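Here, each number is a calculation from the coordinates, and none is a lab measurement. Since the structure is predicted, the reported quantities are computational estimates derived from the model, not experimental observations. So basically every Cβ, Gly included, is an ideal-geometry build from the backbone, and we count neighbours across all protein chains shown.
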Amino acid sequence: MKNSIITSNPYNQKELKTYNYHTDNEVEIILNNAQNAFEDWKEKEIKDRTKLLKNLANLLEDKKETYAKLMTEEMGKPISQSIAEIEKCAWLCDFYITNAEDFLSDNIIETDAHESFISYDPLGTILAVMPWNYPFWQVMRFAVPSLTAGNVGLLKHASNVTGTALAIQDVFEEAGYPKGCFQTLLVNHDQIETIVENDIVKAVTLTGSEAAGRSIAAIAGKNLKKTVLELGGNNACVVFDDANLDKYMDTMVKARMQNTGQSCIAAKRFIVSEKIYDQFLNSFTKEVSKLTSGNPEDDNTFIGVMAREDLAEELEKQVNDSVKLGAKVTLGNKRYKAYYEPTIITEVTEDMPVFKEETFGPVAAVIKAKDNNHAIQLATNSRFGLGTMIFTENLDEAYNQIANIPDGALFINDMVKSDPRLPFGGTKASGYGRELSKEGILEFVNIKTVYINQ
C-alpha cells in the first residue's frame, strides 16, 4: 500500500509535491483534536462565529490569485474559472454572515405549553469526503454552514488536490478559527471506514461518484450516522421548439463546457425538438468550435485539460462505445493525454453510454425529440436526478412541466448552477440531502423540540 501522495500537473505532467499519509495514530490525534475543539466551539455565540466568517471571506478575496493558481496546477481548471470559484466561496461566506443567525434562531411554536420551541443544536464532528472538480467550492459549501452552525469539520479530499486541501485548513486557521475546528485528513480509502465508524464522527457528507456514495452510505447506515450525498448526474438540457437560440446559446455552451465539462450539474444530454433541431445543431457546433483550448494558466483559455489522463481515457471509451452503436461524431473526439477536444455526438439513442451514463468531460450528446412532450419523456429517462434545464419562450408551458421533472432542480432559460441562496441536491442515483441556503445549514443540526410547562 502506498504511504505517500504525489500530486502532478495534468497539463504538463510535472510532479508538484509529495505528501505523507497520516498514520493511524495521527488520525486518532486529529479526531481527538476535533472533539476537544467542538466542546468549546459549540458554546460560541452565532455572532462570534460569523465574525470569523468575515475574516474568512476577506482572506479568500485577498489571496484568490494564489489559491486559484494552486487549483489550476493540481487539477487543470482554467485560471479565470479558478479565480471565479474563489470569489464564489467569498460570496458564500457573505450569505451566511447575513442569514445564519436567523436560520439558527429558536423557532417559537404555539402549543398548550407555557413555552415551546425548536432549537437547532450542532451535532459535533462532521466528516466531508470531497472531489477534485471544484476543490475549493465543494468543500466550502459544506464547511461554511456546518461550522457556522457550531459543528467542526474533517476533510478527506481527493488525493490529486492535496495541496488545495491543506490550503483550505490553513485559511480557516488564519481567519481565527480555533485549532481543530477544521482539519484535513490525508488518508487512503482503507482508513475511511474506521474513521466513519469512530464515535467522534457524528455524520458524513460526500460529493463524488455513485459507487463512493453507496459505500459511504452503507458504512454510515450500519453505524446509524446521517449522510448527505451529492453524486453524479447526466442533466438534460431540453430545447423546446420556440427556444430563443440567439439569446441563450452562450448559456447552453457554457452549461456543457464550463470546467472542461467536469461538473456533476453540467448539461450532458441536449434534447432538442425536431422543429428547431437543425438550427440548434448548426449554432451549437459553431459556438463550441470557437472555444479556446490551451494552457490552463493562460487567461484566455476556456478548455483546459481533464484532471487526469485516465479520466480522459474513460470518456473516450464512452464516446467510442456509443459510436459503435450508431452515434455520429459531429465535432471533436480527439484526445492527447489528459486533453480531450470539445466534442459533439449526434444520432444518439437511449441505449448508448453517452445517453445513459454520466460523461464527465467536454462531450455533448445531442438527441432529436419528436416534439416538446417527447423531449420531456427523454429528459426524465435517467437513473439520475440532479437537475434539468428547459429553454422556451412559453413560460406557461414551462411552469406546467415543473411537476413532471423529478430532479432536485429545474432551471428555465438558464443553466443549472449552485447558488448560496438556494438549496442544492439531487434525487434517485444523484443522492439525497441538501446543501446551501437554510436547508443546507440545518442538515447537520439536532432539530430539538423543547416543551416547558409551569
With the structure loaded, tell me whether V323 is assigned to a helix (DSSP H, G or I) and closer than 29 Å to K247 by Cβ or whether it fails that test. no
Name the helices (runs of 4 or more DSSP H) wholly inside the range 336-454 in which the number of residues that are within 24 Å of L311 (Cβ to Cβ) is 3 or more. 353-356
Inspect the range 234-255 for any residue being aromatic (F, W, Y), more than 14 Å from A364 (Cβ to Cβ) and in a helix (DSSP H, G or I) and give the result as yes or no. yes
Could you tell me whether the range 283-296 includes any residue that is touching a residue at least 40 places away in the same chain (Cβ under 8 Å), charged (D, E, K, R) and surrounded by fewer than 23 Cβ atoms within 10 Å (Cβ to Cβ)? no
Within the range 4-50, the residues that are touching a residue at least 24 places away in the same chain (Cβ under 8 Å) and among the charged types (D, E, K, R) are K17, D24, D40, K42, K44, K47, R49
Output yes when any residue across the range 126-142 is without any contact (Cβ under 8 Å) to a residue 60 or more places away in the chain, in contact with a strand residue (DSSP E or B) (Cβ under 8 Å, 6 or more places away or on another chain) and within 26 Å of I6 (Cβ to Cβ), and no when none is. yes
Scope the range 379-406; condition buried (at least 24 other Cβ atoms within 10 Å of the Cβ) and either farther than 19 Å from S263 by Cα or among the acidic types (D, E) (or both); matching residues: F391
Residues in the range 422-432: is at least one over 27 Å from D250 (Cα atoms), of a type outside the set (K, R) and in contact with a Lys or Arg (Cβ under 6 Å, 6 or more places away or on another chain)? yes
Just one listed residue, out of K77, K64, K44, is in contact with an Asp or Glu (Cβ under 9 Å, 6 or more places away or on another chain) and either of a type in the set (D, E) or surrounded by fewer than 22 Cβ atoms within 10 Å (Cβ to Cβ) (or both), and it is K64
From (1) in a loop (DSSP other than H, G, I, E, B); (2) farther than 30 Å from T7 by Cβ, pick out the condition that doesn't hold for P296. (2)
When residues of the range 388-428 are limited to those that are aromatic (F, W, Y) and under 18 Å from the mean Cα position of the chain (by Cα), the one farthest from I441 (Cα to Cα): F411
